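Just below is one structure, and these are the notes that go with it.
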């Protein structure tokens, strides 16, 4: 109950605005790290031309591809770990209910 004696509405799930904001921050962080890492690795220190050289472009392409592939693999591992943790918490709750239900 709230201050006025009415029931507080309970959210049905996670806040979609918070989820969208968090996801946007995550992708912005990913892009910034990827850009700085690949630029440091691939861009020549002698910027005589406005455009990247062919070698710099191919290096950047490979770097971005590898960075995104690594991020995807890390995401899969974290997802599996999260699922295992959720299953473990559910099993623990079921055991507590079984012991408390005696």
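The values are calculated or read from the model by the stated rules, or taken from the named source; none is laboratory data. Quantities reported herein were computed from a predicted structural model and do not represent experimental measurements. Here Cβ is always computed from backbone atoms with ideal geometry, including for glycine, and neighbour counts include all displayed protein chains.
As for the stretch 44-65, it holds at least one residue that is under 31 Å from the mean Cα position of the chain (by Cα), at pLDDT below 85 and not in a helix (DSSP H, G or I).
Taking the numbered list (1) modelled with pLDDT of 85 or more; (2) surrounded by 10 or more Cβ atoms within 10 Å (Cβ to Cβ); (3) over 19 Å from residue 65 (Cβ atoms) in turn, residue 31 passes all entries but (3).
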